[in-house]
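Here is the structure we will look at, set down as structure tokens.
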């Protein structure tokens, strides 16, 4: 177990911040571990926090008798342990969030356990051709659509294998940009859209398959079903120009960016942008805040799960050697906090998009060992 003195100051700091919000009345307090700390350390921290809260004047009550509810999460990122307290003064009221952090290098002798939630991957498709995106269309007869630079390929599930069903060409009069990107979108009516630079294809999967493509500068849908957002794509480049529709609050223009992820909260939805300037921007509808300490890549996506805070942000970044990695983060406050362990891929991640129904993401990788393009479905797994 870690020496108890390692946590004293941090416990007192968080207790002081909590009581400054709650006052000295009764409050229900719950401590949840979302870090890799072992149970022995977590129990010692929980006792220390309760002692510090009591010493600061807080009185404890149960959920039924106390009007104030305090949820404390023990989280972590690569460099720090981050403790977040969500304080609600009435049922259904918006939460006030306070947090403290402590460098992981300043704490010694701790035991660790497996992360409480983890990322999992499932190989959907592998091809010698350049895969831009892939989606699974669930239903009585499951289908999969795979977007390539020259065509959209549909497959039907037979037994446990995807079998080729129908191919539709993607005509275009202009040469594709060098670093080509594309996205497949499944609408609620099960129609399919394919977006490429200067080209949009619309199709039906209801009975017989059909696809019609036309040239145009239609904005690309980059959000989720619950948090829709459209953005204009630079036809000759590989990024979004920053023009948004319908916009994020009063913000209709953002820095040019590669990808975006919504962050739903009790107060509305903020957005994280992986900008062309190499930094992560947080847009809350009014302000553009740069999160300078993050070492993320250019591909991010949001996923709605039953784990943790229910929304996670997946971020792709370079790993060791020829491997890229994807890691999950949560946003209980204004700073992302890593959750679970990262997933490694034997090559570069070419794209990362939120999957249909918002409950997964699709990552396309270029395997450095085989030279093939591979599409993976990424999901969150919650420990029991």
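The values are calculated or read from the model by the stated rules, or taken from the named source; none is laboratory data. Everything numeric in this text was worked out from a predicted model, so none of it was measured. Positions of Cβ are backbone-derived with ideal geometry, glycine not excepted, and every protein chain shown enters the neighbour counts.
Taken over the stretch 76-90, the criterion of being part of a strand (DSSP E or B) and free of Cβ contacts under 8 Å to residues at least 60 places away in the same chain is satisfied by 80, 88.
Looking only at residues of the stretch 240-266 that are within 19 Å of the chain's Cα centre (by Cα) and surrounded by fewer than 21 Cβ atoms within 10 Å (Cβ to Cβ), we find that the one that is nearest to residue 352 (Cα to Cα) is 258.
In summary, residue 338 fulfils each of the numbered conditions (1) farther than 22 Å from residue 179 by Cβ; (2) part of a loop (DSSP other than H, G, I, E, B); (3) touching a residue at least 40 places away in the same chain (Cβ under 8 Å) with the single exception of condition (2).
Of all the strands (runs of 3 or more DSSP E) wholly in the stretch 104-182, which have at least 1 residues that are modelled with pLDDT under 95 and within 30 Å of residue 337 (Cα to Cα)? Working first, answer last.
Details: elements: 117-127, 133-137, 143-147, 151-158, 161-169.
Counting at least 1 such residues, we get 117-127, 133-137.
Taking the stated definitions as given, is residue 261 assigned to a strand (DSSP E or B) and under 13 Å from residue 302 (Cβ atoms)? Please lay out each step first, then the result.
Values: assigned to a strand (DSSP E or B): yes; under 13 Å from residue 302 (Cβ atoms): yes.
Here the answer is yes, as residue 261 does meet what is asked.
Looking across 278, 242, one residue alone is assigned to a loop (DSSP other than H, G, I, E, B) and either free of Cβ contacts under 8 Å to residues at least 60 places away in the same chain or over 30 Å from residue 144 (Cα atoms) (or both). It is 278. Criterion first (assigned to a strand (DSSP E or B), surrounded by fewer than 20 Cβ atoms within 10 Å (Cβ to Cβ) and modelled with pLDDT under 85) does residue 306 satisfy it? When the stated conditions are applied, residue 306 does not pass them. The numbered conditions (1) crowded, with 20+ Cβ neighbours inside 10 Å; (2) touching a residue at least 60 places away in the same chain (Cβ under 8 Å) are all true for residue 49 except (2). One residue alone among 94, 24, 90 is surrounded by fewer than 14 Cβ atoms within 10 Å (Cβ to Cβ), modelled with pLDDT under 85, over 18 Å from residue 337 (Cβ atoms) and under 25 Å from the mean Cα position of the chain (by Cα), and that residue is 94. Residue 228 meets all of the listed conditions (1) out of contact with any helix residue (DSSP H, G or I) (no Cβ under 9 Å at 6 or more places or on another chain); (2) surrounded by 15 or more Cβ atoms within 10 Å (Cβ to Cβ); (3) part of a loop (DSSP other than H, G, I, E, B) but one, namely (2). The residues of the stretch 348-363 that are more than 16 Å from the chain's Cα centre (by Cα) and surrounded by 19 or more Cβ atoms within 10 Å (Cβ to Cβ) amount to a single one, 350.
Restricting attention to the stretch 189-200, does a residue exist that is assigned by TED's automatic domain parsing to the domain that holds residue 332 and under 28 Å from residue 77 (Cβ atoms)?
So the first thing to find is which residues in the stretch 189-200 are assigned by TED's automatic domain parsing to the domain that holds residue 332, and the list is 189-200.
Checking the rest, the ones that are also under 28 Å from residue 77 (Cβ atoms) come to none.
Scanning the stretch 189-200, I find no residue that is assigned by TED's automatic domain parsing to the domain that holds residue 332 and under 28 Å from residue 77 (Cβ atoms), so the answer is no.
Let's see how each residue does on (1) more than 31 Å from the chain's Cα centre (by Cα); (2) part of a loop (DSSP other than H, G, I, E, B); (3) surrounded by fewer than 21 Cβ atoms within 10 Å (Cβ to Cβ):
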residue	(1), (2), (3)
11	no, no, no
15	no, no, no
18	no, no, no
30	no, no, yes
35	no, yes, no
40	no, no, yes
45	no, no, no
